[in-house]
Amino acid sequence: MLDRRHFLKSSTTLAAGLYLSPALLQARNKIAASDKIRVALIGANNMGFGILRHHLALPEVDCVAICDVDQNVLERRISEVETATGKKPEAYSDFRKLLEKTDLDAVIIGTPDHWHCMIAVAACQAGKDVYVEKPMANTIGECDLMVNAKNRYQRIMQVGQQQRSGQAFIESRDLVKSGYLGKIRKVNIWSNFNYGLGNLVKPPQEIPEGVNYDFWLGPAPQRDFNPNRFHGSWRHFWDYGGGLMSDWGVHLLDMAIWVEEQPAVPSRVLTYAANVNMENRDRDTFDTMNVLYPKKDFLINYDMNGGLQTGPYGKPYGIGYVAEKGTLVVNRGGYEIYPEWDGEAKAPKIEAKKLEGMKESHNAHVANFVECIKTRNQPICPPEDGRIAALHAHIPNIAARVGAEELIWEEEKRTFKGNMAANELIWPNYREPWVLPKL
Ligand SMILES: NC(=O)c1ccc[n+]([C@@H]2O[C@H](COP(=O)([O-])OP(=O)(O)OC[C@H]3O[C@@H](n4cnc5c(N)ncnc54)[C@H](O)[C@@H]3O)[C@@H](O)[C@H]2O)c1
């Protein structure tokens, strides 16, 4: 049995008609410093529960409810929270019922990506603040709806791009923006992970006991149950996610956007995508992608290899800010500066520097969210920024799916220039009876 302290210290590695009546809009827009913040978790298997743990590490937070469409996950997580905190959260299997609760301030959305928009918009309509995992939505159009919902209902929405709260990334950004490295030419980003291949192909199976699979699919197309398309590995299928690109790419690309003078969605994207690995793996998404994003300030150069796990500087993933006086290489573990050599002065152009041993950033990102619930200030990653990051993943994925080496995104019109096939992928087609929120 885990006690609360141990539980909290454990690592995180670990619509139908959504109209909600005005009576339900009983948001607490002012929260006294002494008040408890009451949160609920929707989607509890893995990352969502990790994020809940970080909330519970804060003395002012209580978990009042957990919702999941898999009863096995739901019961396990409820019992873990009860054991750790001494308080049993209420159990829900339908987020719409959960959102009717009036004694609830905020929700954490830890479902697969195809649910993020519908649940986030409904939560805003119900007057709840929202911590939504990245990528903030599974399509470009849904990102816009979430921004609109946050603004219309005046909610706090934090997108789970937690690297913005990580010390190594914050220091790197400050060094880049201070001009210490000189003018930035390129931001090289790489993400190589074995899991990017997906699982070996399996036949469809019986739906496991306790799983409401129809509800799990929700707005996504009807399919036979296959464990490859379920917990964890759903991310390799377009119906629910965007592969390694929207899993890791979105985090790392966010760190390039972060050092732009005026962060913006990419207007031009050049994409090469392929499936190189010939094993019998189950996925829609690509194992190999190289993407160029020519930006106003510099070029972003993204290199992704699912099925490989080594990369430049001995790191499976990372970011290299390549500048006139040196290159700064950073990942979640720390950063290092590799100075350029000045041939005339016979000396490095800047000092080498190294920061090691950084690991955790979810805790600071969650603490920032909870602070913003109280102060009503903008969090570190509001949906406007989460949208910019998500579009850096969705646009090349769309390019790869329609076979376009170049895509031009017209931000004002919210369309791709001259590519009908790409334009068809801007919005999802929700399966009845679920309907895309209207805002
Ligand atoms: N920030 C990070 O570092 C990070 C890391 C991993 C995952 N994530 C993100 O977290 C999210 C969840 O990923 P995961 O790996 O935990 O997935 P997972 O498949 O392990 O867990 C998802 C859970 O959501 C539940 N669920 C599905 N539909 C639901 C619904 N309508 N209502 C309630 N519960 C529902 C599932 O039953 C499951 O328990 C994804 O968006 C993913 O991209 C973020």
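The values are calculated or read from the model by the stated rules, or taken from the named source; none is laboratory data. Being a predicted model, the structure only gives us computed values, none of them experimental. Cβ: placed from backbone, ideal geometry, glycine included. Neighbour counts: every protein chain shown.
Looking at region 134-149 only, could you name the residues that are of a type outside the set (A, V, I, L, M) and surrounded by fewer than 23 Cβ atoms within 10 Å (Cβ to Cβ)? Before you say what the answer is, go through the steps one by one.
Just the residues of region 134-149 that are of a type outside the set (A, V, I, L, M), to begin with: 134-135, 138-139, 141-144, 148.
Hits for region 134-149 are Gly141, Asp144, Asn148.
Residue by residue through region 91-104, note down the ones that are under 25 Å from Cys372 (Cβ atoms) and more than 10 Å from the ligand (Cβ to nearest atom).
Matches in region 91-104: Leu99, Glu100, Lys101, Thr102, Asp103, Leu104.
Considering every residue within region 392-411, establish whether at least one is out of contact with any strand residue (DSSP E or B) (no Cβ under 8 Å at 6 or more places or on another chain), surrounded by 19 or more Cβ atoms within 10 Å (Cβ to Cβ) and within 30 Å of Ala364 (Cα to Cα).
Yes, the conditions are met somewhere in region 392-411.
So how many residues does region 59-100 have that are under 14 Å from Gly210 (Cβ atoms) and in a helix (DSSP H, G or I)?
Number of matching residues: 8.
With (1) of a type in the set (A, V, I, L, M); (2) touching a Gly at 6+ places or on another chain (Cβ under 8 Å); (3) within 20 Å of Ile184 (Cβ to Cβ) as the list, and Leu244 as the residue in question, which single condition is left unmet?
(3)
How many of the residues in region 405-430 are in a loop (DSSP other than H, G, I, E, B) and under 16 Å from Trp238 (Cβ atoms)? Before you say what the answer is, go through the steps one by one.
Taking region 405-430 and keeping what is in a loop (DSSP other than H, G, I, E, B), we get 405, 411-414, 417-419, 424-430.
Filter again for under 16 Å from Trp238 (Cβ atoms), leaving 424-430.
Residues in region 405-430 being in a loop (DSSP other than H, G, I, E, B) and under 16 Å from Trp238 (Cβ atoms): 7 in total.
Does Gly333 satisfy the condition of being in contact with a helix residue (DSSP H, G or I) (Cβ under 8 Å, 6 or more places away or on another chain) and over 30 Å from Arg152 (Cβ atoms)? Working first, answer last.
Working: in contact with a helix residue (DSSP H, G or I) (Cβ under 8 Å, 6 or more places away or on another chain): yes; over 30 Å from Arg152 (Cβ atoms): yes.
It is true that Gly333 is in contact with a helix residue (DSSP H, G or I) (Cβ under 8 Å, 6 or more places away or on another chain) and over 30 Å from Arg152 (Cβ atoms).
Name the single residue, out of those in region 253-274 being of a type outside the set (A, V, I, L, M) and in contact with a strand residue (DSSP E or B) (Cβ under 7 Å, 6 or more places away or on another chain), that is nearest to Met136 (Cα to Cα). Show your work before the answer.
Residues of region 253-274 of a type outside the set (A, V, I, L, M): 254, 258, 260-263, 266-268, 271-272.
Now restrict to residues that are in contact with a strand residue (DSSP E or B) (Cβ under 7 Å, 6 or more places away or on another chain): 266-268, 271-272.
Numbers: Pro266: 17, Ser267: 20, Arg268: 21, Thr271: 22, Tyr272: 24 Å.
Among those that are of a type outside the set (A, V, I, L, M) and in contact with a strand residue (DSSP E or B) (Cβ under 7 Å, 6 or more places away or on another chain), it is Pro266.
Checking the condition assigned by TED's automatic domain parsing to the domain that holds Ser191 and surrounded by fewer than 21 Cβ atoms within 10 Å (Cβ to Cβ), which residue from Tyr213, Tyr240, Tyr302, Tyr293 passes?
Details: Tyr240 fails: surrounded by fewer than 21 Cβ atoms within 10 Å (Cβ to Cβ); Tyr302 fails: surrounded by fewer than 21 Cβ atoms within 10 Å (Cβ to Cβ); Tyr293 fails: surrounded by fewer than 21 Cβ atoms within 10 Å (Cβ to Cβ).
Just a single option satisfies the conditions, and that option is Tyr213.
In region 361-379, which residues are surrounded by 19 or more Cβ atoms within 10 Å (Cβ to Cβ), modelled with pLDDT of 95 or more and outside any helix (DSSP H, G or I)?
Selection gives Pro379 alone.
Checking the conditions here, which among Val107, Val121 is away from the ligand (no atom under 13 Å from the Cβ), under 26 Å from Arg229 (Cα atoms) and hydrophobic (A, V, I, L, M, F, W, C)?
Working: Val107 fails: away from the ligand (no atom under 13 Å from the Cβ).
Step by step, each of Val107, Val121 is checked, and only Val121 is away from the ligand (no atom under 13 Å from the Cβ), under 26 Å from Arg229 (Cα atoms) and hydrophobic (A, V, I, L, M, F, W, C).
Quick one: would you say Ala264 is surrounded by fewer than 15 Cβ atoms within 10 Å (Cβ to Cβ) and touching a helix residue (DSSP H, G or I) at 6+ places or on another chain (Cβ under 9 Å)? If you could, list the steps in order and put the result at the bottom.
Working: surrounded by fewer than 15 Cβ atoms within 10 Å (Cβ to Cβ): yes; touching a helix residue (DSSP H, G or I) at 6+ places or on another chain (Cβ under 9 Å): yes.
Yes.
Taking the stated definitions as given, is Ile78 crowded, with 19+ Cβ neighbours inside 10 Å and either under 22 Å from Gln161 (Cα atoms) or near the ligand (Cβ under 6 Å from one of its atoms) (or both)? Reasoning before the result, please.
Values: crowded, with 19+ Cβ neighbours inside 10 Å: yes; either under 22 Å from Gln161 (Cα atoms) or near the ligand (Cβ under 6 Å from one of its atoms) (or both): no.
The answer is no for Ile78.
Restricting attention to region 184-210, which residues are within 16 Å of the ligand (Cβ to nearest atom), hydrophobic (A, V, I, L, M, F, W, C) and surrounded by fewer than 16 Cβ atoms within 10 Å (Cβ to Cβ)?
Result: Ile207, single match.
Can you pull out the residues in region 42-71 that are of a type in the set (A, V, I, L, M, F, W, C) and under 16 Å from the mean Cα position of the chain (by Cα)?
Result: Ile42, Ala44, Met47, Phe49, Ile51, Leu52.
Which residue is farthest from Asn138 (Cα to Cα), if the candidates are limited to region 211-230 and must be within 11 Å of the ligand (Cβ to nearest atom) and in a loop (DSSP other than H, G, I, E, B)?
So, considering only residues that are within 11 Å of the ligand (Cβ to nearest atom) and in a loop (DSSP other than H, G, I, E, B), the one farthest from Asn138 (Cα to Cα) is Asn212.
Identify all residues within region 268-290 that are of a type in the set (Asp, Glu), surrounded by 15 or more Cβ atoms within 10 Å (Cβ to Cβ) and over 21 Å from Ala404 (Cα atoms); write none if there are none. Spell out how you get there, then give the answer.
Of region 268-290, the ones of a type in the set (Asp, Glu) are 279, 282, 284, 287.
Then keep just the ones that are surrounded by 15 or more Cβ atoms within 10 Å (Cβ to Cβ); that gives 282, 284, 287.
Within region 268-290, just Asp282 meets the criteria.
Which one is nearest to the ligand (Cβ to nearest atom), of the residues in region 127-170 that are assigned to a helix (DSSP H, G or I) and small (Gly, Ala, Ser)?
As a first pass, look at region 127-170 and keep what is assigned to a helix (DSSP H, G or I): 140-152, 162-165, 167-170.
From what is left, the residues that are small (Gly, Ala, Ser) are 141, 149, 165, 168.
Numbers: Gly141: 17, Ala149: 17, Ser165: 11, Ala168: 15 Å.
Among them, the one singled out is Ser165.
Are there any pairs, at least 6 apart or on different chains, whose C-beta atoms fall under 8 Å, with the first in region 231-256 and part of a helix (DSSP H, G or I) and the second modelled with pLDDT under 95, and if so, which?
Between residues of region 231-256 that are part of a helix (DSSP H, G or I) and residues that are modelled with pLDDT under 95, there is no close pair.
Among Ile319, Ile337, Ile350, which is at pLDDT 95 or above, crowded, with 20+ Cβ neighbours inside 10 Å and not in a strand (DSSP E or B)? Steps first, please.
Numbers: Ile319 fails: not in a strand (DSSP E or B); Ile337 fails: not in a strand (DSSP E or B).
Only one candidate qualifies: Ile350.
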